[in-house]
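Please treat every number below as a calculation from the coordinates, not as lab data. Just so it is clear, the structure is predicted and the values come from calculations on it, not from any experiment. Cβ: placed from backbone, ideal geometry, glycine included. Neighbour counts: every protein chain shown.
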Amino acid sequence: MNNFKYKRKTKLSEETMNSFKNFDEVIQKHKNISSAYKSVWKYSIITSVLAGSICLALIFYPQDKKNKIENSSIEFTENSNEINNTLSPDKKPIDNKKIVSTQKSKIKPKEKESKEKFISTVKKESSKNIESEKKELKTETVFLKEKDQNEPWYTLNEKPDNEIIKLPTLFVSKKAWPKKIDKYKLIKSPNITAVYQNINREIPIVNGTVYITFKNATEKPKGYKINGNVFPPELIREIHKTTSAFVLLLKDIEMFIPGRGRINIGDRIIEINNDSTYSNRF
């Protein structure tokens, strides 16, 4: 360890240090860089000014052109008037504005005539269409009136056969679900009942209306309420008064079924024949 040789730093003198410090070169480089930046800014400003001037010229150029054309046209008209005056001093100068106005006045009546013709044709067509629509409406109303006159006043609401099976059997003058009954049988037994035939139990009829009418009758006759299982005496009197065959219309017949309540079994139409037995007896 004692033999180890330590290295010592060499100390530089101030002269050697100053030799490396060349400030003149640094300042020259700085000047060169700043001059380059200044030239770039100058060129950019010049180009922007040129571009702006070109844009303004393009924007305002058409108006100047129009003004020049108008001025040239005015000068041309003035020169033409002067030439006309020199050629024919007795004649008055021709006014171009008057010529244009006269041409417009000539064109306008033609346009008016064409418009009037078009309006008149449209009005005629519309009036024809309105008349045809009115005729159609009249024919439709006449047809509906004729239909209403021919149709009967009542609408039947009869239950289908698959639903009738589930209901108790309706007896009118001891006949089940009748479609035709003789007048004599109806007067002899003016009853209307509903019976469950399997258990032999009678079901009360709660509500319903009976009408004496005809198949093609258009006027609604007087109705008679059903109270219980017997037809009202007023109905029997009216049946006595009839001299020809008629129809007995049962409307909205309701019955009270235990466990189910009030049930509407619909309508039933029955033809009544004026048989010989009734006429011979009465």
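Amide H to amide H distances under 5 Å link G208 with I226, E254, where only residues 5 or more positions off or on other chains count and H is placed in the peptide plane.
For the stretch 149-188, which trypsin sites (Lys or Arg not before Pro) are both in a DSSP coil and crowded by at most 12 other Cβ atoms within 10 Å?
Loop-located and lightly packed - K166, K174, K179.
Simple spin-label estimate for K38 and E14 gives 3.7 nm between the two label positions (7 Å along the Cα-to-Cβ direction from each Cα).
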